[in-house]
1. Conditions first: (1) crowded, with 21+ Cβ neighbours inside 10 Å; (2) at pLDDT 95 or above. Ile144 passes all but one, so which condition is the exception?
2. What about Leu191, is it hydrophobic (A, V, I, L, M, F, W, C), open to solvent by 60 Å² or more (accessible area, probe 1.4 Å), touching a helix residue (DSSP H, G or I) at 6+ places or on another chain (Cβ under 7 Å) and not in a loop (DSSP other than H, G, I, E, B)?
3. Tell me which residues, restricted to segment 9-35, are assigned to a strand (DSSP E or B) and either in contact with a Pro (Cβ under 6 Å, 6 or more places away or on another chain) or open to solvent by 80 Å² or more (accessible area, probe 1.4 Å) (or both).
4. Please find, among Ala190, Ala137, Ala143, Ala150, the residue that is of a type in the set (A, V, I, L, M) and touching a Cys at 6+ places or on another chain (Cβ under 9 Å).
5. For Gly174, are the conditions met, namely being open to solvent by less than 40 Å² (accessible area, probe 1.4 Å) and small (Gly, Ala, Ser)?
6. Which residue out of Leu95, Leu155, Leu123 is touching a strand residue (DSSP E or B) at 6+ places or on another chain (Cβ under 7 Å), surrounded by 15 or more Cβ atoms within 10 Å (Cβ to Cβ) and within 16 Å of Arg237 (Cβ to Cβ)?
7. Restricted to segment 111-134, and to residues that are of a type in the set (Val, Ile, Thr) and in contact (Cβ under 8 Å) with a residue 60 or more places away in the chain, which residue is farthest from Asp209 (Cα to Cα)?
8. Go through (1) within 25 Å of Lys89 (Cα to Cα); (2) touching a strand residue (DSSP E or B) at 6+ places or on another chain (Cβ under 9 Å); (3) not in a loop (DSSP other than H, G, I, E, B) and name the single condition Ser208 misses.
Amino acid sequence: MNNRKDNLIYGRNPLKEALRTNRVKLVYLSNGFSNNEILSLISNCRVQVSYISNKELDAMCDGVHQGCAALIKDYEYYSLESVLQKASKHEHPVLLILDGINDPHNLGAIIRCADVFDVSGILIPKHNQVPLNATVAKTSAGAINYVPVALVGNLNQTIEILKKNGYWIVSSDGSAKINYQDLKYDFKVALIIGSEGQGVSKLVLNNSDYIVKIPESGHINSLNASVATGILLAKIRE
């Protein structure tokens with residue numbers, strides 16, 4: 001049995017979204033599985049099904065599987081050009097740039113936020129960044145199938161390309177002087193989110209048009225990157 005963790009999703013919602021977007025190679029269902037919606041999607045997609053015991057599913061999955069799992073196709077990255085082309089059709093395009101997000105759960109949650117707030121695409125560096133995988137897919141609750149993600153070689157060169165295409169670069173950093181609520185986001189936005197540990201790199205900050213912060217009054221000195229993303233995108237989309 002092929003149970004490679006990097007290509008295995010589990011849970012009913014992730015499975016449904018993967019089936020709807022034709023990303024499934026093989027489905028594992030527990031004996032007696034009876035969810036009619038999923039069974040209908042499987043039938044329509046003509047995907048091979050393997051019925052196994054709950055004990056076998058427990059051994060395959062690292063969390064709650066709800067009686068189903070699937071091997072998925074490798075995720076394909078978009079080109080920067082295709083993301084820009086998609087964004088150009090939006091009246092108020094917003095792009096996300098991620099600088100060193102290494103936790104797949106964080107990346108998945110960020111992709112979910114991006115889908116909720118109609119982000120045209122996410123740009124991630126080829127190095128020092130978690131790739132798209134099954135853990136990211138599950139955490140995104142299926143949003144990974146709808147938000148284009150592009151791999152770029154160099155963030156600063158990418159920023160220059162975005163500026164030439166009319167984007168203003170907004171970085172989030174705890175040391176910024178501008179409150180994120182005080183900026184009027186009435187322009188083409190490229191929002192940069194850094195890792196919780198290192199934040200946005202210095203050179204990227206230097207190449208940004210605006211650096212904003214989310215004021216904090218509690219005892220913990222930093223927000224989870226995905227939470228910060230959601231707060232900032234909600235403001236941008238007001």
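1. (2)
2. Details: hydrophobic (A, V, I, L, M, F, W, C): yes; open to solvent by 60 Å² or more (accessible area, probe 1.4 Å): no; touching a helix residue (DSSP H, G or I) at 6+ places or on another chain (Cβ under 7 Å): yes; not in a loop (DSSP other than H, G, I, E, B): yes.
When the stated conditions are applied, Leu191 does not pass them.
3. Of segment 9-35, the ones assigned to a strand (DSSP E or B) are 9-10, 24-30.
The answer is Lys25, and nothing else.
4. Working: Ala190 fails: touching a Cys at 6+ places or on another chain (Cβ under 9 Å); Ala137 fails: touching a Cys at 6+ places or on another chain (Cβ under 9 Å); Ala150 fails: touching a Cys at 6+ places or on another chain (Cβ under 9 Å).
It is Ala143.
5. On the way: open to solvent by less than 40 Å² (accessible area, probe 1.4 Å): no; small (Gly, Ala, Ser): yes.
In short, no.
6. Values: Leu155 fails: within 16 Å of Arg237 (Cβ to Cβ); Leu123 fails: within 16 Å of Arg237 (Cβ to Cβ).
Exactly one residue qualifies, and that residue is Leu95.
7. Let us first name the residues in segment 111-134 that are of a type in the set (Val, Ile, Thr), namely 111, 116, 119, 122, 124, 130.
So of that shortlist, the ones also in contact (Cβ under 8 Å) with a residue 60 or more places away in the chain come out as 116, 119.
Working: Val116: 25, Val119: 19 Å.
Ranking the candidates gives Val116 first.
8. Every listed condition holds for Ser208 apart from (3).
The values are calculated or read from the model by the stated rules, or taken from the named source; none is laboratory data. Predicted model, so just to flag it, every value in this text is computed and none were measured. Neighbour counts are summed over all protein chains in view; Cβ atoms, including those assigned to glycine, are modelled from backbone coordinates with ideal geometry. Side chains included, ligands, DNA and RNA excluded: accessible areas come from the protein's heavy atoms. Shrake-Rupley method; radii C 1.70, N 1.55, O 1.52, S 1.80 Å.
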